[in-house]
Structure formats: C-alpha cells, structure tokens
Amino acid sequence: MSINPSDFDYICKLIKSESGIVLQSGKEYLVKNRLEVLSRSLKIDNIENLIKNLRQENGTELKQKVVDALTTNETSFFRDKHPFESLKTSILPDIMKKRAAIKQLNIWCGASSSGQEPFTIAMVLGEMSTLLAGWKINFISSDISTEMLDRCRQGIYTQMEIGRGLPPHLLPKYFSRSGNDWQVKPEIRNMINFRILNLCKPWPFMVNMDIIFLRHVLVYFNEPTKKEIFRQIHKQLKPDGYLFLGSGDNPSGLDNRFVRTEFSTSACYKLTSP
C-alpha cells in the first residue's frame with residue numbers, strides 16, 4: 001500500500017522545515033520504504049500510525065528519528081576516487097607549504113552520513129603522517145542526523161561496507177576486527193570531532209577552514225537554500241582554501257565567487273579573489 005497524499009505532503013513539509021531538503025513528487029516510494037523500516041524498529045503497526053503519532057507529538061524525539069530516516073544518504077569509502085587523489089598529491093602539499101610557519105591544518109566535512117567520507121579523509125592524512133608530524137590538525141565532521149553521528153563515533157562497518165571502495169591494503173592498517181564487522185582504529189576515530197550541524201540553520205562558530213568537503217549534498221536543496229549555503233561557505237573558507245563539491249553541486253549561476261580548479265575530475269573549487 002502506498003503512502004497517502006496527505007501524509008506525504010505533511011512529511012515533505014516537515015523535512016523541508018527541519019533540514020531544508022526538498023522531497024519532490026515521485027519520492028513517495030522512498031518515503032514509504034524508509035518510514036516502514038522506522039515503524040518496525042519502533043514497534044508501530046504501520047506508517048499511518050507513525051505519522052499520526054508524529055502529528056500529535058509535542059516533543060522532538062520522534063521528529064528527529066523521522067528526519068534521520070529520510071536524510072541519510074548513500075555513501076562509500078573513497079567515493080569517486082579523484083577528490084582523494086587530488087587531496088593527497090596536490091592540495092594537501094599546497095596547503096602545507098602555505099601553512100608551514102604555523103603548522104596547523106583546518107578541515108571540515110559538512111556531511112558525515114555514516115562516516116565513510118570523513119574516515120577516508122583521515123586515512124589520506126594517515127598516509128601522510130610523516131610529512132604531518134608536528135602539525136596540529138583540526139578536523140570537524142558534521143551532520144544533521146544524531147543517529148549517523150553516533151554511528152560515526154563508533155566507526156563500525158560490515159564486510160559489505162568495507163568492500164565498497166576501501167583499498168585492501170588499508171584494511172589491516174586502519175581497522176581492527178569487531179566480531180563479524182570491522183572498526184576504525186582509535187587513532188583515526190580520535191582525529192575527528194563529530195558534531196551536529198544543520199546546513200540550513202545558523203552555523204555554530206568554527207575556525208576558518210583550509211579545506212571543506214560538502215559533496216553530494218547541495219543537490220537535495222532548492223536554489224535559495226543553495227545560495228545561502230554558498231554565502232556561508234564563502235565566510236567559512238580561507239581565501240586560499242579549497243572546496244570539494246559533488247559532481248551535481250556546481251556553484252555556477254548560484255555564486256560566482258567560486259571557480260573550478262585545474263583538478264577538473266575532482267569537482268574542487270577555490271575563491272576567485274584570494
């Protein structure tokens with residue numbers, strides 16, 4: 001049975017209000033499937049009763065669970081490969097040269113999801129540990145979902161998740177067995193400060209960043225929201241810093257202060273006027 005139009009409209013408005021994400025017509029199947037999974041986990045008979053409870057709830061606990069269920073996106077280790085190759089071979093060496101006097105590196109990953117991207121970045125840093133000896137690394141990774149952030153802090157992945165993109169030689173170096181699963185080793189987990197952040201609401205104070213990853217996120221927002229996020233990024237990124245976006249997140253026509261770098265396959269951008 002499909003989700004009824006009134007309930008779908010209510011959920012779309014809720015998600016837009018809470019996260020800024022726009023669920024278009026045609027996403028009924030996705031909403032139905034994810035809310036059915038949530039209903040079962042909460043021992044609620046069906047999604048109609050779940051939405052009824054949601055409409056009547058005065059608190060935020062169920063609302064947060066629904067937002068978590070509908071804003072969790074697909075990800076994998078070393079997704080798209082090219083950004084992380086550029087990060088290691090070109091961008092980190094450039095930033096390290098510019099920051100040699102202070103030996104401090106500030107990185108922000110703005111969409112943690114289940115942790116594969118921030119841990120990929122941390123592994124790239126780990127592979128450069130000799131060059132980074134003596135450096136202070138301030139690495140923040142954020143997400144709107146409290147459930148995903150809890151999972152990131154645990155850093156536990158199934159064999160199937162490990163098999164999606166992780167180079168085999170990095171497994172014994174950065175993971176240890178946890179029953180039938182694999183857990184990111186403490187030295188990599190402790191490198192990252194995971195915190196909650198809603199991109200569509202006022203951002204908390206953060207130091208200005210040398211490198212920002214905000215990949216495969218903006219595609220879910222409408223144009224005014226994207227423009228506001230780019231405005232905020234412009235304030236957050238150092239004048240000579242780098243911004244990584246997803247392939248569908250081009251700032252052209254939204255904010256002309258960002259220009260694509262020569263690393264064209266990496267969807268990497270810089271500010272026009274350092």
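The values are calculated or read from the model by the stated rules, or taken from the named source; none is laboratory data. These numbers come from a predicted model, not from an experiment. Glycine gets a Cβ as well: all are built from the backbone with ideal geometry, and neighbour counts include every protein chain shown.
Which of the residues spanning region 201-219 are touching a helix residue (DSSP H, G or I) at 6+ places or on another chain (Cβ under 7 Å) and surrounded by fewer than 18 Cβ atoms within 10 Å (Cβ to Cβ)?
Matches in region 201-219: Trp203, Met206, Asn208.
Determine which single condition Asn53 fails, assuming it passes every other condition in (1) under 23 Å from the mean Cα position of the chain (by Cα); (2) without any contact (Cβ under 8 Å) to a residue 40 or more places away in the chain.
Failed condition: (1).
Can you say whether Glu117 is under 18 Å from Ser247 (Cβ atoms), out of contact with any helix residue (DSSP H, G or I) (no Cβ under 8 Å at 6 or more places or on another chain) and not in a strand (DSSP E or B), as far as the supplied structure shows? Reasoning before the result, please.
Values: under 18 Å from Ser247 (Cβ atoms): yes; out of contact with any helix residue (DSSP H, G or I) (no Cβ under 8 Å at 6 or more places or on another chain): yes; not in a strand (DSSP E or B): yes.
It is true that Glu117 is under 18 Å from Ser247 (Cβ atoms), out of contact with any helix residue (DSSP H, G or I) (no Cβ under 8 Å at 6 or more places or on another chain) and not in a strand (DSSP E or B).
So Arg55 clears everything in (1) charged (D, E, K, R); (2) exposed (fewer than 13 other Cβ atoms within 10 Å of the Cβ); (3) under 18 Å from Ile144 (Cα atoms) except one condition, right? Which one?
(3)
Which residue is farthest from Lys16 (Cα to Cα), if the candidates are limited to region 120-172 and must be without any contact (Cβ under 8 Å) to a residue 60 or more places away in the chain and polar (S, T, N, Q)?
Only one residue fits best here, namely Thr130.
Could you look through region 1-34, keep only residues that are aliphatic (A, V, I, L, M) and either without any contact (Cβ under 8 Å) to a residue 60 or more places away in the chain or in a helix (DSSP H, G or I) (or both), and pick out the one that is surrounded by the most Cβ atoms within 10 Å (Cβ to Cβ)?
Ranking the candidates gives Ile11 first.
From the list Phe244, Phe258, which one is modelled with pLDDT of 90 or more, in contact with a Ser or Thr (Cβ under 8 Å, 6 or more places away or on another chain), crowded, with 18+ Cβ neighbours inside 10 Å and under 21 Å from Arg164 (Cβ atoms)?
Details: Phe258 fails: under 21 Å from Arg164 (Cβ atoms).
Going through Phe244, Phe258 in turn, just one is modelled with pLDDT of 90 or more, in contact with a Ser or Thr (Cβ under 8 Å, 6 or more places away or on another chain), crowded, with 18+ Cβ neighbours inside 10 Å and under 21 Å from Arg164 (Cβ atoms): Phe244.
What is the one condition in (1) under 30 Å from Leu38 (Cα atoms); (2) within 18 Å of the chain's Cα centre (by Cα) that Phe84 does not satisfy?
Going through (1) under 30 Å from Leu38 (Cα atoms); (2) within 18 Å of the chain's Cα centre (by Cα) one by one, Phe84 breaks only (1).
Condition check ((1) within 21 Å of Lys226 (Cα to Cα); (2) among the small types (Gly, Ala, Ser); (3) in contact with a Gly (Cβ under 8 Å, 6 or more places away or on another chain)) across all residues:
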position: Phe8; (1), (2), (3): no, no, no
position: Ser17; (1), (2), (3): yes, yes, no
position: Ile21; (1), (2), (3): yes, no, no
position: Leu42; (1), (2), (3): no, no, no
position: Val67; (1), (2), (3): yes, no, no
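Take region 37-47 and flag every residue that is over 29 Å from Pro202 (Cα atoms), surrounded by 15 or more Cβ atoms within 10 Å (Cβ to Cβ) and out of contact with any Ser or Thr (no Cβ under 8 Å at 6 or more places or on another chain).
Matches in region 37-47: Ser39, Ile44.
If you go through region 95-107 one residue at a time, do you hit one that is in contact (Cβ under 8 Å) with a residue 40 or more places away in the chain, surrounded by fewer than 16 Cβ atoms within 10 Å (Cβ to Cβ) and assigned by TED's automatic domain parsing to the domain that holds Leu170?
First pass over region 95-107, keeping only residues in contact (Cβ under 8 Å) with a residue 40 or more places away in the chain: 95, 98-99, 105-107.
Now drop any that are not surrounded by fewer than 16 Cβ atoms within 10 Å (Cβ to Cβ), which leaves 98.
Filter once more, so that each one left must be assigned by TED's automatic domain parsing to the domain that holds Leu170: 98.
So far as region 95-107 goes, yes, one or more of its residues are in contact (Cβ under 8 Å) with a residue 40 or more places away in the chain, surrounded by fewer than 16 Cβ atoms within 10 Å (Cβ to Cβ) and assigned by TED's automatic domain parsing to the domain that holds Leu170.
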